[in-house]
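Okay, structure first, notes after.
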Amino acid sequence: MKIFNTLSRSKQEFVPLEENKVKMYVCGPTVYNFIHIGNARPMIVFDTVRRYFEYKGYDVNFVSNFTDVDDKIIKKAIEECVTSDEVSKRFIAECKKDMEGMNIKPATKHPLATEEIDGMVEMIKTLIDKGFAYEKNGTVYYRTRKFEEYGKLSHKNLDDLRSGERSLLVTGEDEKEDALDFVLWKPKKEGEPFWVSPWSEGRPGWHIECSVMSKKYLGEQIDIHAGGEDLVFPHHENEIAQSEAANGKEFARYWMHNAFLNIDNHKMSKSLGNFRTVREISEQYDLQVLRFFMLSAHYRSPLNFSADLMEASKNGLARMVNAADSLKFLIGNAKSDAMSLAEKELFAKTEEFVQSFERAMEDDFNTADAVAAVFDLVKYTNTNTNEESSKTYLQMLLDRLVKLTDVLGLLVDKEEDILDAEIENLIEERQAARKARDFARADAIRDELLEKGIILKDTREGVQWKRA
Ligand code: AMP
Ligand code: ZN
């Protein structure tokens, strides 16, 4: 399997640190608003990377944080006259809803920066002890000149950057030894959330959060560290400087970065007023369509969001879902069980599509080509099945289709979402709740089922249900 590594600027064969295991960290969003469709790109892309590793039999430890202390969160809290904690908790919950809609698996662990402050204080202490950090008036800075490899990820000319940064120095940071030194800890301002530290009552810088959370949940060395390309510099460059100086070993072996998502060929930004949240998209489309759209391009190519492309994605997804539906219909009406010899041969030919799917994914996760391979399989099943096909043959084709679309996180067989037995259990629980006059619970169960496409009908004979 080949991965484009930002560190070497080349595709490299993936060799895990530990056999059959992948330790992966993806920088998560800052939670001060609903996530936008740009944030959704790394979420969908790296969830697909994870799913492919799992398909290949790897055990993936996938960690993705929420940055829940930040200037933007504090600003929003002040605007709304609530605590920062309230803002971040609310948008973490909303983000998780969007993730579910996009069929993004929950991470093995979603650490919160505010719950990991002790670890950050510890790492900052280590950096000071080793001479990689210094304190000035309650602020702690990282001493970039001391870390010889500073700049190895972003391949930037540091002297140019230094002279550029001199003129851009943030007020209050003129005490820095070097323009590229960055904040590890800063003192609180009036009314801001703070934690006690040996240097001041204050809060950590953004970069130290990820170094610490990655170390705590994945260890000092990890296989893959990922995020959007805007994070290469300074965020990831700084994470490398912190982690490698503190731990004395290489931090991540492979650095993966997705390209940006634009809207109608413009950069998405609040000031241009072309900012779209995932939640807004969900009012118009099933979020599966958004997922399909994201995967229709290679993750390192810029992607342009437009109404036309979303319509094309909707149709593309429908072709896959229709193929699965048609197979299911034929399975339900099949006259014979056992596969014929001719069907065995026909099925064997679908191996070719699996191979081209895998070839595409092995080549730095080329999901665009992987989607094309699924379409080839769809076309093949549409032309090589009919009312005479055996149940076994049809089922094997369906299983193959589901297995591949599942790697892409596309649900073509939605009924698998909820099994008959689960429905029956929930209905029983609802009846019990009604008996106990707990109508709130009873209604909540009805709504939960409705969300999953299950419609209940109360009749004299009892509760009947059907799939919408
Ligand atoms: P943020 O909340 O800004 O820290 O962003 C969370 C993640 O979304 C990071 O990995 C960013 O690189 C990524 N991201 C933000 N905007 C875009 C965009 N327009 N296209 C692709 N990725 C983005
Ligand atoms: Zn990060």
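The values are calculated or read from the model by the stated rules, or taken from the named source; none is laboratory data. Treat the numbers as computed from the prediction; the structure is a model and nothing was measured. Reconstructed Cβ throughout: ideal geometry from the backbone, glycine too, with neighbour counts over all protein chains shown.
Remarks
- Remark: pairs (first residue in segment 218-232, within 20 Å of Lys109 (Cβ to Cβ); second residue near ligand 1 (Cβ under 7 Å from one of its atoms); Cβ separation under 6 Å; 6+ apart in sequence or on different chains) = Gly227/Cys27; Gly227/Pro42; Leu231/Cys27.
- Scope segment 229-258; condition buried (at least 17 other Cβ atoms within 10 Å of the Cβ) and assigned to a loop (DSSP other than H, G, I, E, B); matching residues: Phe251
- Unmet requirement for Met24, which otherwise passes all of (1) farther than 19 Å from Ile281 by Cβ; (2) in contact with a Ser or Thr (Cβ under 8 Å, 6 or more places away or on another chain): (2)
- Exactly one residue among His155, His235 is out of contact with any strand residue (DSSP E or B) (no Cβ under 7 Å at 6 or more places or on another chain) and within 16 Å of ligand 1 (Cβ to nearest atom), and that residue is His235.
- Restricting segment 191-205 to residues that are assigned to a loop (DSSP other than H, G, I, E, B) and among the aromatic types (Phe, Trp, Tyr) leaves a set whose member that is nearest to Glu115 (Cα to Cα) is Phe194.
- Top-ranked residue in segment 191-214 [being of a type in the set (D, E, K, R) and in contact (Cβ under 8 Å) with a residue 60 or more places away in the chain; ranked as farthest from ligand 1 (Cβ to nearest atom)]: Glu192
- Any hit, segment 393-410, residues being in a loop (DSSP other than H, G, I, E, B), under 30 Å from Glu448 (Cα atoms), in contact with a strand residue (DSSP E or B) (Cβ under 9 Å, 6 or more places away or on another chain) and of a type in the set (A, V, I, L, M): no
Residue by residue, here is whether (1) over 23 Å from Asn247 (Cβ atoms); (2) touching a strand residue (DSSP E or B) at 6+ places or on another chain (Cβ under 6 Å) holds:
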position	(1), (2)
Gly151	no, no
Asp159	yes, no
Pro187	yes, yes
Glu192	yes, no
Ser214	no, yes
Gly219	no, no
Gly228	yes, yes
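- Check on Lys97, under 21 Å from His207 (Cβ atoms), basic (Lys, Arg) and either free of Cβ contacts under 8 Å to residues at least 24 places away in the same chain or surrounded by fewer than 21 Cβ atoms within 10 Å (Cβ to Cβ) (or both): no
- Among the candidates Asn262, Asn315, residue that is surrounded by fewer than 17 Cβ atoms within 10 Å (Cβ to Cβ), within 15 Å of ligand 1 (Cβ to nearest atom) and more than 23 Å from Ile73 (Cα to Cα): Asn262
- Taking each residue of segment 171-190 that is modelled with pLDDT of 90 or more and looking for partners that are assigned to a loop (DSSP other than H, G, I, E, B) and surrounded by fewer than 13 Cβ atoms within 10 Å (Cβ to Cβ) with beta-carbon atoms closer than 6 Å, six or more apart or interchain, yields Lys188/Glu201.
- Taking the conditions (1) in contact (Cβ under 8 Å) with a residue 60 or more places away in the chain; (2) among the aliphatic types (A, V, I, L, M); (3) part of a helix (DSSP H, G or I) in turn, Val69 satisfies each one other than (3).
- Residues located in segment 351-379, provided they are more than 28 Å from Asn258 (Cα to Cα) and either within 25 Å of the chain's Cα centre (by Cα) or surrounded by 19 or more Cβ atoms within 10 Å (Cβ to Cβ) (or both): Val378
- Checking each residue in segment 233-244 for being in contact with a helix residue (DSSP H, G or I) (Cβ under 6 Å, 6 or more places away or on another chain), more than 10 Å from ligand 2 (Cβ to nearest atom) and touching a residue at least 40 places away in the same chain (Cβ under 8 Å) picks out only Gln242.
- Being within 14 Å of ligand 1 (Cβ to nearest atom), buried (at least 23 other Cβ atoms within 10 Å of the Cβ) and under 24 Å from Ser296 (Cβ atoms) is not true of Met268.
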